[in-house]
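Novice: Quick one: the structure is below, questions incoming.
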């Protein structure tokens, strides 16, 4: 029955399943889903994409055995630069458990030394071992509303290898020296031993950064790095991120989190710097890695602050697709000449791969991967990452429709995003969510117009959202 509902005629049990349904007098296969929920085979909010896309949620016995051995093994700090005297801290969301990046900032005689410390997995997770193969097939951790699927088992991603406070951890540290005007003077990567002193949240740093000397300096550094990227052509088009939570009465709530706060910018700019300098280091050393690039957008639109949401949605449509290659190219969206991803090895497999290459170069050893093998890894993980992105979009839409199903006939402000033959695509500004508006009962509207629409039907299981123009336009 599960296969019949999930795959329809492509199910190997289709004939047998249809016969069973026929005998039960059931013609609509949607009744199968209701039956499976009633029998507690599926929950009322079951994520069916996990089955359709064959997403793994359990780890193999061999991988778990490797985890057990890893957690019992004594960490050997030999050969690592001891940076435990630095005041190292993490900045993350309040629910984060897999800490893979940390920061430090020291004042020097001529300016400041920034430390960006990324947990080093190279000595713990061996290439082609059971854990490595498991991570390869998963490609990435998956973050969904009310559900997280880690790329690596929680015993290591959230504990044994996570940058937890007051624990010694191996890292690949970037030490970058800046003068007092925030010009980068020199930098180096080192195989290090670190200890996190403070575990901070974005909200906390936002409240103290202006009065704290270190965080005030970090904020100024981040602003300087951002301005240099803007001069390099970077497009800064952040929007708040949609997330879901349940209140004390178990009611579904929808909120937007700021992606442009001081703390968020500090972390973002430091990670971009680490990734950029990693790419520069690899290019200068002729070290094969996986680079990320982006061509210039089809068009750069003029920023309209009064219609910022509309501008961002339109500008994002003009962006060129990302290029992933072993040959370096400029990344126009970020405004940098070279770029890679390496700052999230606990969460992204290709970050772990690039880290292995960098670690081998630091130790002056032969690279773990050839250029041809890196291309194979990218090609093999690309479809999995595409499936994960699809599932994220589907689950966000599912929970958004479930939320809206509680507010039938309620009106919301929208911006006309695109005019089609018989309908408009609109942006619900409270949620930054795209919906359809039938054109039948609407006046002649143009992209950018602001109106109000009412929710007439919302069914998350059947993926139905029907809106209706409520006869009012909103003043700009």
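Novice: Does residue 338 count as touching a residue at least 12 places away in the same chain (Cβ under 8 Å) and surrounded by 17 or more Cβ atoms within 10 Å (Cβ to Cβ)?
Specialist: Judged against the criteria, residue 338 is a match.
Novice: Can I ask one more? Being buried (at least 16 other Cβ atoms within 10 Å of the Cβ) and out of contact with any strand residue (DSSP E or B) (no Cβ under 8 Å at 6 or more places or on another chain) narrows it down to one residue among 67, 41; which is it?
Specialist: Being buried (at least 16 other Cβ atoms within 10 Å of the Cβ) and out of contact with any strand residue (DSSP E or B) (no Cβ under 8 Å at 6 or more places or on another chain) holds for just one of 67, 41, which is 67.
Novice: Moving on. If I filter the stretch 279-296 for residues that are in the same structural domain as residue 177 (by TED's automatic domain parsing), in contact (Cβ under 8 Å) with a residue 60 or more places away in the chain and closer than 28 Å to residue 448 by Cβ, do I get at least one hit?
Specialist: Checking the stretch 279-296: at least one residue is in the same structural domain as residue 177 (by TED's automatic domain parsing), in contact (Cβ under 8 Å) with a residue 60 or more places away in the chain and closer than 28 Å to residue 448 by Cβ.
Novice: Ok, one more. Considering only the stretch 129-145, state which residues are in a loop (DSSP other than H, G, I, E, B) and either free of Cβ contacts under 8 Å to residues at least 60 places away in the same chain or in contact with a strand residue (DSSP E or B) (Cβ under 7 Å, 6 or more places away or on another chain) (or both).
Specialist: 141, 145
Novice: Let me ask something additional. Working carefully through the options 214, 142, find the one that is at pLDDT 95 or above, farther than 18 Å from residue 355 by Cα and buried (at least 20 other Cβ atoms within 10 Å of the Cβ).
Specialist: Among 214, 142, only 142 is at pLDDT 95 or above, farther than 18 Å from residue 355 by Cα and buried (at least 20 other Cβ atoms within 10 Å of the Cβ).
Novice: Can you name the number of the only condition in (1) at pLDDT 95 or above; (2) loosely packed, with under 14 Cβ neighbours inside 10 Å that residue 263 fails?
Specialist: Here residue 263 meets the rest and fails (2).
Each row is one residue, and each column tells you yes or no for (1) under 28 Å from the mean Cα position of the chain (by Cα); (2) part of a loop (DSSP other than H, G, I, E, B); (3) modelled with pLDDT under 95.
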{"site": "28", "(1), (2), (3)": "no, yes, yes"}
{"site": "85", "(1), (2), (3)": "no, yes, no"}
{"site": "99", "(1), (2), (3)": "yes, yes, no"}
{"site": "105", "(1), (2), (3)": "yes, no, no"}
{"site": "112", "(1), (2), (3)": "no, no, no"}
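Novice: Residue by residue through the stretch 119-128, note down the ones that are in contact with a strand residue (DSSP E or B) (Cβ under 7 Å, 6 or more places away or on another chain) and either more than 18 Å from residue 342 (Cα to Cα) or crowded, with 20+ Cβ neighbours inside 10 Å (or both).
Specialist: 119, 120 - these are the residues of the stretch 119-128 that are in contact with a strand residue (DSSP E or B) (Cβ under 7 Å, 6 or more places away or on another chain) and either more than 18 Å from residue 342 (Cα to Cα) or crowded, with 20+ Cβ neighbours inside 10 Å (or both).
Novice: Collect the residues in the stretch 166-190 that are within 23 Å of residue 67 (Cα to Cα) and crowded, with 16+ Cβ neighbours inside 10 Å, keeping them in residue-number order.
Specialist: Across the stretch 166-190, the qualifying residues are 169, 170, 171, 172.
Table: residues versus (1) out of contact with any helix residue (DSSP H, G or I) (no Cβ under 9 Å at 6 or more places or on another chain); (2) more than 25 Å from residue 193 (Cβ to Cβ); (3) modelled with pLDDT of 95 or more; (4) not assigned by TED's automatic domain parsing to the domain that holds residue 277.
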{"residue": "336", "(1), (2), (3), (4)": "no, yes, yes, no"}
{"residue": "345", "(1), (2), (3), (4)": "no, no, yes, no"}
{"residue": "353", "(1), (2), (3), (4)": "no, no, yes, no"}
{"residue": "361", "(1), (2), (3), (4)": "no, no, yes, no"}
{"residue": "372", "(1), (2), (3), (4)": "yes, yes, yes, no"}
{"residue": "380", "(1), (2), (3), (4)": "no, yes, yes, no"}
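Novice: Identify the single condition in (1) under 18 Å from residue 462 (Cα atoms); (2) not in a helix (DSSP H, G or I) that residue 12 does not satisfy, given that it satisfies every other one.
Specialist: Residue 12 satisfies all of (1) under 18 Å from residue 462 (Cα atoms); (2) not in a helix (DSSP H, G or I) except (1).
Novice: If only one of 38, 73, 56 is at pLDDT 85 or above, closer than 30 Å to residue 155 by Cα and not assigned by TED's automatic domain parsing to the domain that holds residue 392, which one is it?
Specialist: 56
The values are calculated or read from the model by the stated rules, or taken from the named source; none is laboratory data. Since this is a predicted model, take the numbers as computed values, not measurements. Here Cβ is always computed from backbone atoms with ideal geometry, including for glycine, and neighbour counts include all displayed protein chains.
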